[in-house]
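Peer 1: Have a look at the structure that comes next, please.
Quick note: the coordinates plus some simple rules give every number you see, no bench work behind them. Note that the coordinates shown come from a computational prediction; the quantities given were computed from them, not determined experimentally. Counting neighbours? That spans all protein chains shown, and the Cβs are built from the backbone with ideal geometry, glycine included.
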Amino acid sequence: MSERLLKIGLPKGSLQNATVELFRKAGFPVTVDERAYSPDLGDDELWGVLLRAQELPMYIAEGILDCGLTGYDWILERGVDLVEVSDLLYAKGGMRPYKWVLAVHESSGITSVKDLQGKRIATELVEVTRRYLAENGVEANVEFSWGATEAKCPSLVDAVVEGTETGGTLRANNLVIIDTLFESCTKLVANPHAWENPWKRGKIESISLLLNAALEAENMVGLKMNVREADLKAVTDCLPALKNPTISPLANGDEPWVAVETIVDRRIVTDLIPRLKRAGAQGIIEYALTKVVI
C-alpha cells in the first residue's frame, strides 16, 4: 500500500448504517457491497474495512489499522493505548451517549453491587465488569454473554451488565438498573505511531473535523427572511444564533428593507418562526445544513 494511504476501520453491525450515513453527510460518497468488507470511501487516500466495533481497538492498537471508529466501552474492555481524537455523539437510536449499567430482575431483592457477592453476572464487557467488582470489594462469577443478555436474568444469572440507550429493552424484560458503570459513545481513535506521522495525523484531523461538522449540522437549520428596518430590532431580539445574524440591505423601493440570515437550533424552529412572523419578518425560508464548523 502507498505511504499516502490511511487505513481506517468502520464498525460493522448495529452502527454500520448510521456510520455510513454520517460519512456521506461529511462528504465521503461511501458505497458498501453487502458481500464485501472493504467499503469504497470515495477517496483514493483512504482504505476502509468493516469490522465489529469490539475488534477494532486491537487492530488499531497493533498498527494494522491507522485509525477507526469504535466505542469507548470496547477501548476500556481491551485495555489498549489509543489516541482519542474526538467523540462522535451518534448511535443507532439517535444522537445520544449510551450507558453501561448493572441491572437485576425486579423480583430479585438485590439493591446494590454489594449484594452480588458470590453471584453470577452475564455481560459482553467481562474485564470492565471484573474491574468494577474489584473496586467495590465484590467477588462474583462473570461470564461472557454472546447476546440476548437481558433474557438470561433471573433464570440463568443473577445480574447483567449491559449497554443501553433508553433502557427500553431492560424494562421489557422486567429488569431494573441498580448502578451505572460509565457512559460511552463512539470515538474516532488513532494508533499512536500513525498519529506521530504528520501526513496521517493531518488526514485524521480532517476526517474528524468533517464528521463533527456533519453531526453539528444535524442539530441546526438555516433561516433567511426579509425585514423592514423599523422591525429589525424586534426580529433580531428573537434570534438565538451561533453568532450575530448576517444582515444585508435590499433594494426595494422607497421603504428600507434588509435580508437577515442566521443559524439556529432545529428544536426551537416551530416556536421561533411564528414569533419572527409576528415581529415583522416576511419571506421566511428554512433550509437544511450539510456541515457546521464551529
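Peer 1: Could you point to the residue in 173, 137, 191 farthest towards the positive end of the chain's charge dipole, with +1 and -1 charges on the Cβ of Lys/Arg and Asp/Glu respectively?
Peer 2: Toward the positive end, the furthest listed residue is 173.
Peer 1: I would also like to ask the following. Just to be sure I understand, if you calculate semi-axes √(5λ) of the Cα gyration tensor in Å for this structure, which of (1) 45, 28, 15; (2) 43, 33, 13; (3) 31, 23, 19 do you get?
Peer 2: It is the value labelled (1).
Peer 1: Right, next: Treating only the Cβ atoms of Lys and Arg (+1) and Asp and Glu (-1) as charged, compute the dipole magnitude of the chain about its Cα centre; round to the nearest 20 debye.
Peer 2: For this selection, approximately 460 debye.
Peer 1: Cβ neighbours within 10 Å, averaged per peptide: list 287-294, 173-180 in order, most packed at the top.
Peer 2: Averaged packing, sorted descending, gives the order 173-180, 287-294.
Peer 1: Placing +1 at every Lys and Arg Cβ and -1 at every Asp and Glu Cβ, with all other atoms neutral, what dipole size does the stretch 31-102 have around its Cα centre, in debye to the nearest 20?
Peer 2: Rounded to the nearest 20 debye, it is 540 debye.
Peer 1: If I model a spin label at residue 38 and residue 206 as a point 7 Å from the Cα along the Cα→Cβ vector, what separation in nanometres do I get?
Peer 2: Going by the 7 Å Cα→Cβ label model, 2.1 nm.
Peer 1: So, one more: In the structure displayed, which of 99/119; 12/203; 119/187; 152/187; 99/200 lie more than 25 Å apart, Cα to Cα?
Peer 2: 119/187; 152/187; 99/200
Peer 1: Counting helices only, and only those DSSP H runs with n ≥ 4, report the 222 nm mean residue ellipticity of the chain as the sum of -39,500 (n - 2.57) divided by its residues, in deg cm²/dmol to the nearest 500.
Peer 2: -7500 deg cm²/dmol
Peer 1: Going 7 Å from the Cα of residue 117 along its beta-carbon direction, which residues of the stretch 132-149 have the amide nitrogen within less than 12 Å of the resulting point?
Peer 2: Backbone N within reach: 137-140.
Peer 1: Further question on the same structure: Compute the relative contact order of the chain as a whole-number percentage, counting only Cα pairs closer than 8 Å that sit 6 or more residues apart in sequence.
Peer 2: On the way: 569 pairs, mean separation 56.6, N = 294.
Relative CO of the chain lands at 19 percent.
Peer 1: Okay, moving on. Return one number: the angle in degrees, 0 to 90 and rounded to the nearest 10, between the long axis of the Cα atoms of helix 198-218 and the longest principal axis of the Cα atoms of the chain.
Peer 2: Here the helix axis deviates by roughly 70 degrees.
Peer 1: Here's something else I'd like to know. So what's the angle, to the nearest 10 degrees on a 0 to 90 scale, between helix 16-25 and the longest Cα principal axis of the chain?
Peer 2: 20 degrees
Peer 1: May I ask what percent, to the nearest 5, of DSSP beta bridges between residues of the chain are antiparallel?
Peer 2: That works out to approximately 70 percent antiparallel.
Peer 1: Give the value in nm², to one decimal: projected area of the alpha carbon convex hull of the stretch 5-127, averaged over all directions.
Peer 2: 9.9 nm²
Peer 1: Can I ask one more? May I ask you to compute the full-extension gain from residue 230 to residue 151, defined as 0.36 nm times their residue separation minus their alpha-carbon distance, rounded to one decimal in nm?
Peer 2: This chain segment gains 22.0 nm when fully extended.
Peer 1: Among the DSSP beta bridges whose two residues both lie in the stretch 98-183, what percent are antiparallel, rounded to the nearest 5?
Peer 2: Details: 12 of 19 bridges.
In the stretch 98-183, DSSP labels about 65 percent of beta bridges as antiparallel.
Peer 1: Can I ask one more? Based on Cβ point charges of +1 for Lys and Arg and -1 for Asp and Glu, what charge dipole magnitude is obtained for the stretch 219-288 about its Cα centre, in debye rounded to the nearest 20?
Peer 2: 260 debye
Peer 1: Beyond 17 Å, what percent of the Cα pairs of the stretch 98-183 remain?
Peer 2: Percentage above 17 Å: 37.
Peer 1: Another question, if that's okay. Which one of 230, 262, 283 is farthest out on the positive end of the charge dipole of the stretch 219-288, using unit charges on Cβ (Lys, Arg +1; Asp, Glu -1) and the Cα centre as origin?
Peer 2: Ranked along the dipole, the leading option is 262.
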